[in-house]
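These notes concern the structure reproduced below.
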Amino acid sequence: MTTTSNIAQIHPASEPTPLVGIPMSGAEMVVRALKDHGVDTLFGYPGGAVLPIYDALFSDEDVRHILVRHEQGAGHAAEGYARSTGKVGCALVTSGPGATNMVTPLADALLDSIPMVVITGQVATHLIGTDAFQECDTVGITRSCTKHNWLVSSVDDLSAILHEAFYVARSGRPGPVVVDIPKDVQFATGMYLPPERSPKRSKRTVRHVDAMKIAEATELMATAQRPVFYTGGGVINAGPRASEALRALVRETGFPITSTLMGLGAFPAPDKQWLGMLGMHGSWEANHAMHDCDVMICVGARFDDRVTGRLDAFSPNSKKIHIDIDPSSINKNVRVDVPIIADAAEALEQLLVAWRNRAKTSKPPSTKTWWDQIEGWRNRQGFAYRPSNDVIKPQYAIERLYALTRDKDVYITTEVGQHQMWAAQYFHFDKPNHWMTSGGLGTMGYGLPAALGVQAAHPGALVIDIAGEASVQMTMQEMSTAVQHRLPIKIFILNNEWMGMVRQWQQLLHGERYSHSYSEALPDFVKLAEAFGAVGIRAEKPDELDAKIIQMINEPGPVLFDCRVAKTENCFPMIPSGKPHNEMILADTFVGDEIDDDGKKLV
Amino acid sequence: MPPHAGEPAESRTLAIMVDNEPGVLARVVGLFSARGYNIESLTVAETDKSAHTSRITVVTRGEPNIIDQIKSQLDRIVSVRNVIDVTRDPNGVQRELALVKVRSTGADRIEALRVSEIFRAKVIDTTLESFIFEMTGASDKIDAFIDLMRPIGLVEVSRTGVLSIHRGPELDRVSTAEAAALAK
């Protein structure tokens, strides 16, 4: 240990567990721990190996249990809950298929850094390894899609592991964890130790922002002529303080700002310094600014391939400052000049202080030329599309949805595909935690159950899942959950009968051979809604859209909205794979031969 | 471009201190396979029962940026307490143990014994036509020994993989991140 280090690691002592505590069963410990960690909502599905825990929940009045229709729904709902509240999302599922059905949400939460505690039942300890009924190696299967996981072998370890699970899920770079509890451990009686008295098991890393790095970053920023902020989901994860500090820093510096898909809402989109989202389907001005900038300030983003495009042509002439809480994100894909390993809120606050101090003594160079250039890109109007009076353009549908919900407390979730990109492009956010989407894993079927989780956390809010007709069918069964638990989510389906993004790529990359991307048979979504006990609305013409959207908003219960849109609309701008940021194609320049053979392999 | 991309791959020995709990080896090995890193040798054993610590020594090979990634990815594992890059440490000691079976008669048999004396290998089993040698040393020294035994009648080799420890009275407790901070 050294004084020059900015890192302190506290190693867990191996002192024996003090034998004081409250005696209770393992199952009761689970419920008690949930409450001790402030969990008010639990998403789950019962089964043989979690019956004791469900028994303990039976008489409990503090934890609201939302019964889903498929365990994947519970996982995504917990993610939506977590993303929209900043708290840890919780799910409870049984062994075997219950646990395997949870794998997709776990992988999704790991890639998007969503804090989540999943409790899985397991067969009794003496049956483990015997191929017992509904047995699977849950910790083995989930090892690579969790931040950490535990198989609890004794009730004496249970309370400490549960507390540790919450700590690991929310600390540092957040992520999902699994606690696998055998049935006999749930029945056994042991001593429950509350969180504050529980022994710490894993390392505790306390990081302090390196003041030298802050000074270096400030110096770079203060001499920049073409600066840009590139922010990501880490700002959202760092809580409202980070968003506030970011807003102040961006305003005081006067720099332009863009964000990843995951970071939307950290900075208000209506602001004139906002360039829109960057990346493969990002704005013309954001991608050009990223390519031409001389100083890039990356906060809580990870230079994902959907953001960088071709790596060797990514922002070739810039110095890069990278603030990230995870050291493994630094220099992973892109070499950076000033790495700052820190929580985004702390780093941004310190940058702000340093910036203010420096502004007192010397004036930074003018960014007027830079802004003029940006205005030029803006005037290109990369999001322009050809309007229509006959068919509803998907872009128009999102624009109207945004316009008609502006005065509401609105939360948006999405599925994955073209509709997701259009939502990111045409719906604008001015607050963090109001945009829930599957960014890293790209999970079709995320949005509907995520909306359940958001609605459970914000009962009075307007929660809309902007969906595609293909994605939404992957978790459609959760409409039943919405009806049962009176969660009035609105599922706004941009229905073009195609897996739109697949169709777009087949058009652009595979010689217009539309292999298995058209749904020859689709349900009648209005009747389907009615079958679930919800309300179905269909809009087919642009002139009826507004009235139908208003009808949807005013509906007190869950709604399936079948918005029939133009069938073969493409999502633009688009950075063709294998191309740098400044070679985007736009709707009006699209020819069809933009992607070469090398590029095809990269997508 | 990723940092240092294109620089030649090098061999590195990493000592990984982990909580001794079920599945911890799978976490470490799983990380290497999931992210496509190489493992050239691997040893693992509990080293401090009272502190529930095990020590995993991995010899890996990669470009410098990949090695940096491996270290930070290892540090992310909750059960990993710290990661020490032994190769980079001037005070790091690396040793390996090998059991080498040689079958020979006549002059070759005498030659085998003579070579083993030069390498300070120990005979731990013998028949009229074979020896088993036990030898410890740096990996390249064991390689040299095996190369010399090959024409004499090498039958089989069993190696432990590399072990490492830090010279001097202190504990090996400097984490990767701290070492990086110290280096600056």
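Just so you know, all these numbers are worked out from the coordinates, no wet-lab data involved. Here the structure is a predicted model, which means the values were calculated and not measured. Note that each Cβ is placed from the backbone with ideal geometry, even for glycine, and that neighbours are counted across all protein chains shown.
Would you list A:436, A:444 from fewest to most Cβ contacts within 10 Å?
A:444, A:436
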TODO: Could you let me know the centre-to-centre spacing of the stretch A:163-190 and the stretch A:280-304, using Cα atoms, in angstrom?
DONE: 38 Å
TODO: May I ask you to derive the relative contact order of chain A, considering only C-alpha pairs under 8 Å and at least 6 residues apart, and to give it as an integer percent?
DONE: 14 percent
Task: At most 16 other Cβ within 10 Å, DSSP loop - trypsin sites (Lys or Arg not before Pro), the stretch B:1-81 - done: B:35, B:49
Task: Taking the C-alpha atoms of the stretch A:452-603, convex hull volume expressed per residue in Å³ - done: 146 Å³
Task: For the protein assembly as shown, the spread of Cα positions along each principal axis, largest first, Å - done: 100, 66, 59
Task: Relative contact order [Cα under 8 Å, 6+ residues apart], the stretch B:101-151, whole percent - done: 37 percent
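As a test of understanding, state the convex hull volume per residue of the stretch B:12-156 from its alpha carbons, in Å³.
So the per-residue hull volume is 141 Å³.
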Task: Relative contact order (%) - chain B, alpha-carbon pairs under 8 angstrom, separation at least six - done: 25 percent
Open item on the list: Please list, ordered by chain and number, the residues whose modelled amide H lies under 5 Å from the amide H of residue A:495; skip anything fewer than 5 residues away on the same chain.
Closed with: A:563, A:564, A:565
Open item on the list: Rg over Rh of the stretch A:279-385, using C-alpha atoms and the Kirkwood radius, what does it come to?
Closed with: 1.00
TODO: Based solely on C-alpha atoms, express the radius of gyration and the Dmax of the stretch A:445-505 in angstrom.
DONE: 12.3, 39
Open item on the list: Compute the distance from the alpha-carbon center of the stretch A:336-409 to that of the stretch A:45-81, in whole Å.
Closed with: 40 Å
Open item on the list: What is the distance in Å between the Cα centroid of the stretch A:95-126 and that of the stretch A:486-519?
Closed with: 29 Å
- [ ] Quick one: P(r) of the stretch A:151-193 from all Cα-Cα pairs, 10 Å bins, percents rounded to integers, in order of increasing distance.
- [x] 29, 48, 21, 2
Open item on the list: Given the options A:479, A:303, A:355, identify the residue whose Cα lies farthest towards the positive end of the charge dipole of the protein assembly as shown (+1 on Cβ of Lys, Arg; -1 on Cβ of Asp, Glu).
Closed with: A:355
Open item on the list: List the aspartates and glutamates whose Cα sits under 12 Å from the Cα of residue A:320, skipping any in the same chain fewer than 8 residues away.
Closed with: A:216, A:294, A:337
Task: Value in Å of the Kirkwood radius, where the stretch A:238-320 supplies the Cα pairs that are averaged - done: 13.1 Å
Open item on the list: Running a GNM on chain B with Cα contacts under 10 Å, which residue among B:120, B:159, B:95 ends up with the highest mean-square fluctuation?
Closed with: B:120
